[in-house]
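What follows draws every value from the coordinates through simple rules; no lab data is involved. This is a predicted model, so every value here is computed, not measured.
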Amino acid sequence: MPAIKVIAQIFLITVLGLMAHELGHLAAAKALGYEAVLNLNSVRTIGLDDPVHGLIITGAGPLLTIGQGMLGYYLIRSDGRAMLGLGLLVCAAVQRLFAAILSLIANPNDEMRMSVELGLGSWTLYAVILAGLWWLVLRGVKRVKPGWSYAVWVWLGTSLGLTLMIFGEGVMPVVQL
């Protein structure tokens with residue numbers, strides 16, 4: 001696959017994956033009867049006072065991202081869609097890794113907040129989720145054998161997608177639903 005196609009595909013998967021993650025939070029909030037404010041890269045629930053509902057809403061985003069990774073691994077094992085599957089899986093793993101790094105240097109992200117709330121310590125859920133996703137990535141890479149250049153194009157595509165989503169938040173409209 002040509003480099004520009006890989007970069008574009010990974011960029012698109014990154015952006016759509018991050019949007020799906022936030023829409024997962026939004027869908028859970030709405031399903032539980034809350035109003036919510038949707039930004040490009042975050043969801044804030046209005047009037048949330050139930051800690052169980054808070055855990056459900058917080059967990060919905062990572063759950064969708066894990067689902068994206070599992071769909072990717074399924075496609076890797078299917079005929080004809082292995083490279084798309086690898087892209088979905090790698091982007092899910094990179095997204096959660098980036099969230100963990102942000103939790104380390106800035107504010108606690110979804111898995112860290114949930115892990116603390118459940119009494120599991122700060123890093124337990126991150127460790128389990130990241131270990132699972134990266135284990136699937138290693139299995140997927142072993143099966144697909146994309147080559148080292150693929151890693152460079154994935155790095156570039158995810159970096160561009162993450163940059164757009166993070167720095168775009170300040171210029172995109174806020175929607176209250």
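Reported value for the stretch 87-177: 127 Å³ per residue, from the convex hull of its C-alpha atoms. Counted as membrane-span-like here are DSSP H helices of the chain whose alpha-carbon atoms extend 27 Å or more along the helix's own axis and whose Kyte-Doolittle mean is 0.5 or above; these are 3-31, 51-77, 82-105, 124-144, 148-168.
Over the stretch 63-114, the ratio between the Cα radius of gyration and 2.2 N^0.38 Å evaluates to 1.32.
Dividing the convex hull volume of the alpha-carbon atoms in the stretch 1-93 by its residue count gives 85 Å³ per residue.
Extents of the stretch 107-159, taken as max minus min of Cα coordinates on every principal axis and listed largest first, are 41, 23, 10 Å.
Taken along its three principal axes, the alpha carbon spread of the stretch 1-41 comes to 46, 15, 6 Å, from the longest extent down to the shortest. All C-alpha pair distances within the stretch 34-83, sorted into 10 Å bins from zero, spread as 22, 35, 22, 17, 4 percent across the bins.
Per residue, the chain reaches -25500 deg cm²/dmol at 222 nm when only DSSP H runs of four or more residues are counted, each adding -39500 (n - 2.57).
Under 5 Å between amide hydrogens, built in the peptide plane, is the criterion, and for residue 109 it picks out 103 among residues at least 5 positions away or on other chains. Relative contact order, whole percent, for the chain stands at 33, derived from Cα pairs under 8 Å and 6 or more residues apart.
Note that the chain, at 10 °C in a medium of 1.306 mPa s, gets a Stokes-Einstein diffusion coefficient of 95 µm²/s from its Kirkwood radius over C-alpha pairs.
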